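Below you'll find the structure, written out as structure tokens, and then a few comments.
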């Protein structure tokens with residue numbers, strides 16, 4: 001009995017295993033980057049919504065300025081922001097639950113860049129962020 005040629009199947013198996021590992025690493029890294037990008041877009045959209053107040057409807061009582069947001073203003077500003085900066089990102093909701101805070105939810109569909117040929121899957125990713133307007137609230141020093 002000869003061991004001749006028994007190394008080739010082992011090398012082929014290792015190459016296949018390494019290929020699967022590379023595909024998994026690349027796809028999982030792309031998913032992490034897509035989630036980070038989506039959350040960053042949600043954060044920026046919430047800030048845009050928080051700054052969408054009408055300054056003529058603000059109230060100053062001598063010591064503080066009170067800002068009131070409306071769902072309509074927040075939705076309009078956030079919709080325009082998402083449309084201008086979208087990479088397949090879509091606005092799910094843009095509201096103001098307490099008329100001070102803007103809450104935004106955005107979503108996108110992710111599919112693996114390498115493994116999609118073998119496993120055609122799509123994941124729906126969603127991110128939510130909240131923000132409040134800072135009107136003359138001081139500066140961060142440090």
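The relative contact order of the chain, computed from alpha carbon pairs under 8 Å that lie at least 6 residues apart in sequence, is 26 percent. Here, P(r) means the percent of Cα pairs in each 5 Å bin from 0 to the largest distance; for the stretch 40-142 it is 2, 13, 19, 17, 14, 11, 8, 6, 4, 2, 2, 1, 0, 0. Between helix 7-50 and the chain there is an angle of about 0 degrees, using the helix long axis and the longest principal axis of the Cα atoms. Axis of helix 71-85 versus longest Cα principal axis of the chain: the two differ by about 40°, to the nearest ten degrees.
In the chain, the DSSP-assigned H stretches of four residues or longer account for a calculated mean residue ellipticity at 222 nm of -15000 deg cm²/dmol, using -39500 (n - 2.57) per stretch and the full residue count as denominator.
By the count of neighbouring beta-carbon atoms within 10 Å, fewest first, 89, 135 end up ordered 135, 89. Dividing the mean sequence gap of close Cα pairs (under 8 Å, 6+ apart) by how many residues the stretch 58-113 holds gives a relative contact order of 30 percent.
Here, each number is a calculation from the coordinates, and none is a lab measurement. Just so we're clear, the structure is a prediction, and the values are computed from it rather than from any experiment. Reconstructed Cβ throughout: ideal geometry from the backbone, glycine too, with neighbour counts over all protein chains shown.
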